[in-house]
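Here the structure is laid out as structure tokens; the discussion comes afterwards.
The values are calculated or read from the model by the stated rules, or taken from the named source; none is laboratory data. Predicted model, so just to flag it, every value in this text is computed and none were measured. Side chains included, ligands, DNA and RNA excluded: accessible areas come from the protein's heavy atoms. Shrake-Rupley method; radii C 1.70, N 1.55, O 1.52, S 1.80 Å.
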Amino acid sequence: GGCEHVVTFTSARMGRPVPGGLEKVFQSRPVQRKCGVCQRIQAKYVVYEGRFGEESPGFFCDECWRRAHTDSHGRPVDPAVRSFLYLHD
């Protein structure tokens, strides 16, 4: 208990047979968001209930996330903030 799992569907196919195989009914287009702070680099972290983001979830590149959410020793500034690696939408 207490763990979270991320499941991403990139495509889906119908279970009924069609000539040549299964029928594709869905194909995702991955979207990579940029950092919400610097707006330059692709996001590496998604943060929920963070104090520096204007939105929840907030998206941060590695550098902006470290500056906003860790101290000089790399420890979390606010343990209540939930940060996760961001893959894509």
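Key figures
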read-out: Segment 27-55: number of residues that are open to solvent by 70 Å² or more (accessible area, probe 1.4 Å) and at pLDDT below 65; value: 1
read-out: In segment 65-78, residue modelled with the lowest pLDDT [restricted to those that are hydrophobic (A, V, I, L, M, F, W, C) and open to solvent by 20 Å² or more (accessible area, probe 1.4 Å)]; value: V77
